[in-house]
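**Q** Quick one: the structure is below, and I'll ask about it shortly.
The values are calculated or read from the model by the stated rules, or taken from the named source; none is laboratory data. Since the structure is predicted, the reported quantities are computational estimates derived from the model, not experimental observations. Note that we place each Cβ from the backbone using ideal geometry, even for glycine, and neighbour counts take in every protein chain shown. Calculation scope for accessible area: heavy atoms of the full protein, side chains included, ligands and nucleic acids excluded. Shrake-Rupley method; radii C 1.70, N 1.55, O 1.52, S 1.80 Å.
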Amino acid sequence: MSTNGEGEDLQARRVVDARALPSLFDTVLDQSATGVMVFDEDLRLAYVNEVAARMGGHPADVHIGKRLADLYPQISRQADPLIAQALAEQETVRNEELVWESPRPPHERRYWQVTYVPVRSTSDHRFVTAIYVETTPVRRAHERLTRLLDALPIFTGMCTPDGLLLEANEATLAATELSREDVVGFPLWEASWWRDDPSVQVQLREMLARAQLGQPGRDDIEVRLQDGRRRTIDFQLVPIVEHGAVTALVPSAIDITERIVERDRLQALASLSRHLNGALTTNQVSRLVVANAPTVVDAEFVNVALLDAERQELRLVQPLMDVDIEERWGTVPLDGPRTPLHDVMETGRSVLVSREERGIRYPELVADTDRVGLDSTAAVPLVDELGDVFGVLGVGWTEPTEFVEEVRLRLDLLADLCSHSLRRAQRTEARDRLVEEMQAEVLAMPDTSRTLDVALAYEPARGDIGFGGDWYDVIEINESCTALVVGDVAGHGITAAARMTEAKATIRTLVLNVDHAEVIPAANRSLAHFDSGYIATAAVAWIDDDAKTLEWRLAGHLPPVLRKPDGRACLLEGVHHPPIGTTTEPRAQASIPFPEGSLLVLYTDGLVERRGEDIDVGLERLRSIVDRLPSTCSAREARDSIMAELQLDEREDDVAIVVVRSRSQ
């Protein structure tokens, strides 16, 4: 412990002579880099410390008795109104910024934060003390940060933890065509970009709440610009955490509108390509192009015109949007009025036309294109494998379109895809026409008989060439006897179709020339020259209309269905031979009655077979359908009912069917 003497010495050292206080205060203020100026009621300077004096470069004693306007007009314009306010209101004016640019080179700009404090002397004179704290380093750091933010190509800024927007960079202001005063000082969620979208405001508030807890947020947001355009931004809100507390929030965004548009284009192109793969006809392809292609090229209108070489004209595959225009331009003769289609057909190159160019180059089109609201248009060649133009892809935009390289590439890509799909469809249609003609020749047979009511049908398997190994035949042996045949050569396609035609011709010849029992064995011998892989099944029935009898032979084939006049239907098992292509011997067969009102159904296995199902189930399903047929139905009505109930559109195999009914005398 100290003695009393030591305590008295310590106390003495703490005592400061009041006369030394002004000097002491000057020392403290100068050391703290705080400037002080004292103004009297006439706004004249009564006191200036060294720090404040160095602000303007004049000695401290030069200031006394002078106004700021005498020495520093630049500062006077900023400070005098605030000094007068503090004097008049006798209230402190806090934290006002003073900007001072030195009049001497290098004309450095400095920043001060000033507080104006009103005071009274013992003689009741009023003064204002201006306390200056330099903020130049902080302000310059802020300016550097602002320049950095302005240099960034993304939209960014700074917010308080409560979401009040403190700063927005130049990219943000330029994109929105706003000034800093329009956005700074407002809550982030009340910015004009999304002020009219309550759902986005809710989204922002939720992100803000998470950011206040230190959790960054990111989401795609749609914003509205001043001109009404809408853009999509990738928006992020990142908290700045210092000493465990969120001190600021940094919002930033990247405009991803074009990226989304490009994504939509790619998705539309992929979708169109996927759907075109399943299109089989030019009409199907064209409908898909008209419906889906506009998104690929950001257009409002796409159409397809195909060349009819025989008629020397271009024909639009899909109707136009206006009936009158359709009548004028649905078919375009190659020797008709000049259009972009003609130029494409002649040159093999795309024709890209603005609204102004159209009036000069194609005046006949101006009225109609204006009528439907088209501005820019494009005509792109559709080219086959040999490089010949077989059609034109027409594209239209309602807004002016700049045909930059990117647009041209998209048009070429779309045209290539359409060309490939249309040529494939044209080949398919040509093949189908050929198949139909071949089928008509091979299966040519009228649904008529002099003695019987007959109905025939053939349906090819899905995805096959159009006909294959299944066939039917109706053979009038004499005035009272008619033979009915259905057969099935194993396989599909050209080979099966070729073998079918020979099997049909062979059995027809044998039916007309040999006994019933010899038909199947003789067919085996006649067709023995085929490869060992040759297998066929057949059902042959003979109906004698005079005797009212029925006889049949089955060569590995499914049994016919007989419905008797009393309405009961049954399967005819009869005499079975092995399939044609194997050795067999003649077999006798007694006939059964086939009186008036009887109905017989011969068919190939595609009518009753279903994947994963026992064949007996399919046979019973057919028998039950025939059993339920009205007693008065014709052969054609019976055939149609059978095919409808068995849903042949789901078939995986060819189907041939013969339905015959005994006529009433």
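**Q** Treating the angle as unsigned and between 0 and 90°, give the value, to the nearest 10°, between the Cα long axis of helix 282-296 and the longest Cα principal axis of the chain.
**A** It works out to around 0 degrees.
**Q** Leaving out same-chain residues fewer than 8 places away, which lysines sit with a Cα under 30 Å from that of K504?
**A** K548, K564
**Q** Could you give the length gained by full extension between S273 and R525, i.e. 0.36 nm per residue of separation minus their alpha carbon distance, to one decimal place?
**A** Full extension of this stretch gives 85.5 nm more.
**Q** Let me ask you something else. As I understand it, the value is the acute angle between the Cα axis of helix 405-442 and the longest principal axis of the Cα atoms of the chain; what does it come to in degrees, rounded to 10?
**A** On a 0 to 90 degree scale, this one is about 10.
**Q** At a 1.4 Å probe radius, carbon and sulfur cover how many percent of the accessible area of the stretch 377-425?
**A** Accessible surface attributable to carbon and sulfur in the stretch 377-425 totals 54 percent.
**Q** Count the net charge of all other residues whose Cβ sits under 15 Å from the Cβ of R205, scoring Lys and Arg as +1 and Asp and Glu as -1.
**A** So the surrounding residues net to -3.
**Q** So if R0 is 51 Å, what FRET efficiency would R371 and E170 give, r being the distance between their Cβ atoms, rounded to the nearest 0.05? List each step's numbers first, then the result.
**A** Details: r = 45 Å, r/R0 = 0.88.
So, using R0 = 51 Å, E works out to roughly 0.70.
**Q** So, for the chain, what is the accessible surface per residue at a probe of 1.4 Å, expressed in square angstrom?
**A** Here the per-residue accessible area is 51 Å².
**Q** Related question: Using only the alpha-carbon atoms, how far is helix 257-277 inclined from the longest principal axis of the chain? Give it as 0 to 90 degrees, nearest 10.
**A** Tilt relative to the chain: about 10 degrees.
**Q** Here's something else I'd like to know. Measure off, as a whole percent, the carbon and sulfur share of the 1.4 Å-probe accessible area of the stretch 254-300, all protein chains present.
**A** Roughly 53 percent, rounded to a whole number.
**Q** Same structure, new question: Using a 1.4 angstrom probe on heavy atoms only, work out the carbon and sulfur share of the accessible area of the stretch 514-642 in %. Each step should come with its number before you reach the end.
**A** Values: 2860 of 5670 Å².
Carbon and sulfur atoms account for 50 percent of the accessible area of the stretch 514-642.
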